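Q: Handing you a structure now.
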Amino acid sequence: MHKHHSALGLASPSIIPVTAVDGAIDIAKRTPVQPVTLIRPHAAARAARFFVEKFPGRSMYAVKANPSPELIATLYANGITHFDVASIAEVRLVARTVPGATLCFMHPVKAEEAIAEAYFTHGVRVFSLDSLEELEKIVRATKNASDLTLCVRLRVSSEHSKLSLASKFGVAAHEAKPLLFAARQAADALGICFHVGSQAMTPEAYAEAMERVRLAIVEAAVTVDVIDVGGGFPSSYPGMEPPPLERYFETIHRAFESLPVSYSAELWAEPGRALCAEYSSLVVRVEKRRGNELYINDGAYGALFDAAHIGWRFPVTLLREPQSTVRDHPFSFYGPTCDDLDHMVGPFLLPADVQAGDYIEIGMLGAYGAAMRTAFNGFGSDETIVTTDEPMVSLYADIEPKVANNVVTL
Ligand SMILES: *Cc1c(COP(=O)(O)O)cnc(C)c1O
């Protein structure tokens, strides 16, 4: 047994859960009372190798998407050596999980104590910022260090993404000049970073953001050593099937090459979702059926936060042997807590004869699923099992969908 929600707390000595199965159906046959988290290390390894081999720069994993130590270790073993961390707890977690890794503290608003511990205890040298106040804080906390890489976060549009990151952080391109200038004075290496929003559905999002980077560089007339295009690389969900990731990489490469600093600057990216979405899924039990509503044993306060709060759709499969031959039907889900908010509209397509006692696999929960889990009301999954079968959908492998209409766009 392995508790995901302790990932950021106490050290968890065992990194890889020991039990392994060949597929979700094996779990259903055990009739577990609690939801079971399935993990697919081979899928995360494949995603890591894809970015390492094909992204035309350095890929660092954005830990907030899924902070499971066993995932971090898998990505590291497959070539991801740099990690984007956003809190001191994430810094400590990655530092003790993969001691050889390089950490980049990419939250633009940090506690001064966190900066100091990151710098002096964990060897962190890369920090992001979007204000002069934060710059002063970093300089103070590191005692005027001369070996800093400082990345100025630009505000860019989130219009092509499913989840906006446009309003909270970032300095507008036309206001960036004084900050770039001041950061240049304090930094050993100066970077510009941005985030186009999560699940960016078109490569154009990056092309447009890079145009703002170009304007900022030209206006400030500073030398820039790092261009960091952030996260936002999509995964595949029902109704949200993106173009191939190679197209994103080509667009970014072209835009980077056209920047006035490309001859000397490094290109970085901070993928979160794309590296871990295929990594895990969840096996849940149907406790009750009321018309087209299924009451399942995980929900808004478990791994299904996004399904409940932002209407995210995940692929689902009914785990029954023999398989149901009944036609698919759209269902919505209720989670187990005593709270009306614990509702997931979906629609989730399942055979129309699904009933209480059935088990369902909910796929593509590796990103922002396990990471958001709480133990509210005493519910949750506490068992994690490795499975060797393929995820329901993959951007990295040609796999036959297990149930063809799982991923149909409604
Ligand atoms: C959340 C976040 C990421 C990862 O975003 P994805 O959309 O999951 O790729 C990367 N960088 C920063 C600064 C973030 O806040």
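The values are calculated or read from the model by the stated rules, or taken from the named source; none is laboratory data. The model shown is predicted, which means the values in this text are computed figures rather than measured ones. Counting neighbours? That spans all protein chains shown, and the Cβs are built from the backbone with ideal geometry, glycine included.
Q: Filter region 173-223 down to the residues that are assigned to a helix (DSSP H, G or I) and acidic (Asp, Glu), then identify the one that is nearest to PHE256 (Cα to Cα). Spell out the reasoning first.
A: In the first step, residues of region 173-223 are kept if they are assigned to a helix (DSSP H, G or I); the result is 173-175, 177-186, 204-220.
With the extra rule that they be acidic (Asp, Glu), the set shrinks to 175, 204, 208, 211, 219.
On the way: GLU175: 22, GLU204: 13, GLU208: 12, GLU211: 10, GLU219: 17 Å.
Residue satisfying both the conditions and the ranking: GLU211.
Q: Tell me, yes or no, whether region 288-301 has at least one residue that is of a type in the set (S, T, N, Q) and touching an Asp or Glu at 6+ places or on another chain (Cβ under 8 Å).
A: Taking every residue of region 288-301 in turn, at least one turns out to be of a type in the set (S, T, N, Q) and touching an Asp or Glu at 6+ places or on another chain (Cβ under 8 Å).
Q: Also, I was wondering about something else. Look at region 294-337 and say how many of its residues are of a type in the set (Lys, Arg) and surrounded by fewer than 20 Cβ atoms within 10 Å (Cβ to Cβ).
A: Number of matching residues: 2.
Q: Something else: Identify the residue in region 66-76 that is touching a residue at least 40 places away in the same chain (Cβ under 8 Å) and either touching a Cys at 6+ places or on another chain (Cβ under 7 Å) or among the aromatic types (Phe, Trp, Tyr) (or both) and, among all such residues, is farthest from the ligand (Cβ to nearest atom).
A: The selected residue is LEU71.
Q: Among the residues of region 253-283, count how many are part of a loop (DSSP other than H, G, I, E, B) and within 16 Å of the ligand (Cβ to nearest atom). Show your work before the answer.
A: Looking only at region 253-283, we keep the residues that are part of a loop (DSSP other than H, G, I, E, B), and these are 258-265, 270-272.
Now restrict to residues that are within 16 Å of the ligand (Cβ to nearest atom): 270-272.
Qualifying residue count for the region: 3.
Q: Quick check on my filter: what residues within region 264-291 are charged (D, E, K, R) and in contact (Cβ under 8 Å) with a residue 24 or more places away in the chain?
A: GLU266, GLU270, ARG273, GLU278, ARG285, GLU287, LYS288, ARG289
Q: Given the conditions (1) at pLDDT 95 or above; (2) under 30 Å from GLY357 (Cβ atoms), and given that HIS2 satisfies all but one, which numbered condition is not satisfied?
A: (1)
Q: Any chance region 321-338 includes a residue that's within 16 Å of the ligand (Cβ to nearest atom) and touching a Phe, Trp or Tyr at 6+ places or on another chain (Cβ under 9 Å)?
A: Looking through region 321-338, none of the residues is within 16 Å of the ligand (Cβ to nearest atom) and touching a Phe, Trp or Tyr at 6+ places or on another chain (Cβ under 9 Å).
Q: So PHE83 ticks every box in (1) closer than 26 Å to PHE379 by Cβ; (2) in contact with a Ser or Thr (Cβ under 8 Å, 6 or more places away or on another chain) but one. Which box is left unticked?
A: The failed condition is (1).
Q: Being modelled with pLDDT of 95 or more, touching a strand residue (DSSP E or B) at 6+ places or on another chain (Cβ under 9 Å) and away from the ligand (no atom under 14 Å from the Cβ): is that true of VAL63 here?
A: No: the conditions fail for VAL63.
Q: Which helices (runs of 4 or more DSSP H) sit wholly inside region 77-162 and have at least 2 residues that are assigned by TED's automatic domain parsing to the domain that holds ALA176, more than 15 Å from the ligand (Cβ to nearest atom) and of a type in the set (Lys, Arg)?
A: Those helices (runs of 4 or more DSSP H) span 88-97, 132-141.
Q: Restricting to region 219-241, what's the tally of residues that are out of contact with any helix residue (DSSP H, G or I) (no Cβ under 8 Å at 6 or more places or on another chain), surrounded by fewer than 20 Cβ atoms within 10 Å (Cβ to Cβ) and not acidic (Asp, Glu)?
A: 3
Q: Follow-up question, since we're still on this one. Spot the failing condition for MET364; the list is (1) more than 29 Å from GLY197 (Cβ to Cβ); (2) assigned to a loop (DSSP other than H, G, I, E, B), and only one is missed.
A: (1)
Q: Right, something else. Test each condition in (1) away from the ligand (no atom under 16 Å from the Cβ); (2) touching an Asp or Glu at 6+ places or on another chain (Cβ under 8 Å); (3) assigned by TED's automatic domain parsing to the domain that holds LEU190 for ARG40 and report the one that comes out false.
A: (3)
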